[in-house]
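The values are calculated or read from the model by the stated rules, or taken from the named source; none is laboratory data. Keep in mind the model is a prediction, meaning the values are calculated, not measured. Positions of Cβ are generated from backbone atoms using ideal geometry, with glycine treated the same way; all protein chains shown enter the neighbour counts.
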Amino acid sequence: MERIKASISVKFSDSKTAKDFFISLEPETLKSFSDRSRISMKQEDDNIQFQIDAKDITAFRATLNSYLIWMRVLSTITPLCETQK
């Protein structure tokens with residue numbers, strides 16, 4: 001079975017928000033919980049580029065869903081943190 005690879009770009013409202021998300025998500029890319037998938041990311045201005053490489057569709061889906069959930073959580077709590085300043 002061939003590996004599944006994808007490149008996903010997420011555009012943010014500004015480069016500061018992209019940097020905040022990148023810094024928050026980066027630790028998750030440093031340690032893989034499975035040998036079935038890997039993810040890397042890089043930030044350029046107001047974009048974060050994700051590179052996913054998975055052995056199978058199940059591992060790909062799990063990796064993608066994890067990052068989507070983390071980004072949703074961050075997008076929910078970021079405005080709350082801004083109001084606390």
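Within the range 11-38, being in contact with a strand residue (DSSP E or B) (Cβ under 8 Å, 6 or more places away or on another chain), part of a loop (DSSP other than H, G, I, E, B) and closer than 20 Å to residue 79 by Cβ holds for one residue alone: 12.
Taking the criterion of being surrounded by 16 or more Cβ atoms within 10 Å (Cβ to Cβ) and either in a strand (DSSP E or B) or among the β-branched types (Val, Ile, Thr) (or both), the residues of the range 39-85 that qualify are 39, 41, 43, 48, 50, 52, 53, 54, 63. What single numbered condition from (1) modelled with pLDDT of 95 or more; (2) within 10 Å of the chain's Cα centre (by Cα) fails to hold for residue 29? Every condition holds for residue 29 apart from (1).
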